Amino acid sequence: RVFIDGRLVGDRGRMGTTPEATVYEMRSYELPVESTGAPIALRVDIAAFHHRDTGLDAPPVLGLSEPMRRWIALAWAKDLLFHAALLLLAASTFVAFLFRRRDRASLYLSLAALSAIPGSAVLGYDNLLLIAFPGLGFPAMLTIQYLCSNFSVIFFLAYARALFPNETPRLLFWALQAMMGTFFLVQAVAA
């Protein structure tokens, strides 16, 4: 909930006094505020029962309407460009694998790029995963983010090994893969 000078001007989700009564809406929040130039009292209430930190991944950004609109458009454009690049990388390397079936490096890079998309969709300016699936709860969102991020690292390590097999120490590679596999299993069981 957001209060300005003691007056409620916006709220998202459902504020509760227990974890069960609290419903998160993990999305960016744009709130227009009109000011006469006099000091204002801004209060932001956050129920962060399901998270270890304050619930804010970045401090609030305040500014005039026009620069803020440009800033928001730029943030959206950066996210769109990043995800489009991941999709193009995944598609082009998968096509390379289809034409050269023994080229495992292309397959692993394609899978790493595809696996990175759900995790990065949560971390951008706006939570694209929750835009696509608005009914997805906070624990389910974190599960998807963590598991897909683990898959992405596992596939990227396999890509590096397939690309440079002679330069990659075998024992180190398998130790890292075992560590990431253990992280994946622990997170999957905890979910």
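The values are calculated or read from the model by the stated rules, or taken from the named source; none is laboratory data. Every value quoted in this text rests on a predicted model; they were computed, and no experiment measured them. So basically every Cβ, Gly included, is an ideal-geometry build from the backbone, and we count neighbours across all protein chains shown. When the accessible area is computed, the model is the full protein with side chains, heavy atoms only, and any ligands, DNA or RNA have been set aside. Shrake-Rupley method; radii C 1.70, N 1.55, O 1.52, S 1.80 Å.
Of the residues making up the range 129-148, those that are open to solvent by less than 50 Å² (accessible area, probe 1.4 Å) and outside any loop (DSSP other than H, G, I, E, B) are Leu129, Leu130, Phe138, Ala140, Met141, Leu142, Thr143, Gln145, Leu147, Cys148.
What do you reckon, is Pro118 open to solvent by less than 80 Å² (accessible area, probe 1.4 Å), over 26 Å from Arg1 (Cα atoms) and not in a loop (DSSP other than H, G, I, E, B)?
Yes, satisfied.
The residue pairs whose first member lies in the range 85-97 and is under 15 Å from Phe155 (Cα atoms) and free of Cβ contacts under 8 Å to residues at least 24 places away in the same chain, whose second member is charged (D, E, K, R) and open to solvent by 50 Å² or more (accessible area, probe 1.4 Å), and whose beta carbons are closer than 9 Å, counting only pairs six or more residues apart or on different chains, are Phe97/Arg104.
One residue alone among Leu80, Leu86 is assigned to a helix (DSSP H, G or I) and farther than 21 Å from Arg27 by Cα, and that residue is Leu86.
When you scan the range 24-47, do you find a residue that is in a helix (DSSP H, G or I), under 24 Å from the mean Cα position of the chain (by Cα), of a type outside the set (S, T, N, Q) and closer than 28 Å to Met180 by Cα, even just one? No: the range 24-47 contains no residue that is in a helix (DSSP H, G or I), under 24 Å from the mean Cα position of the chain (by Cα), of a type outside the set (S, T, N, Q) and closer than 28 Å to Met180 by Cα.
Pairing residues of the range 152-166 that are over 18 Å from Ser120 (Cβ atoms) with residues that are buried (at least 19 other Cβ atoms within 10 Å of the Cβ), at Cβ distances under 6 Å and at least 6 apart in sequence or on separate chains, gives Ala158/Tyr108; Ala162/Ala105; Ala162/Tyr108; Leu163/Ala105.
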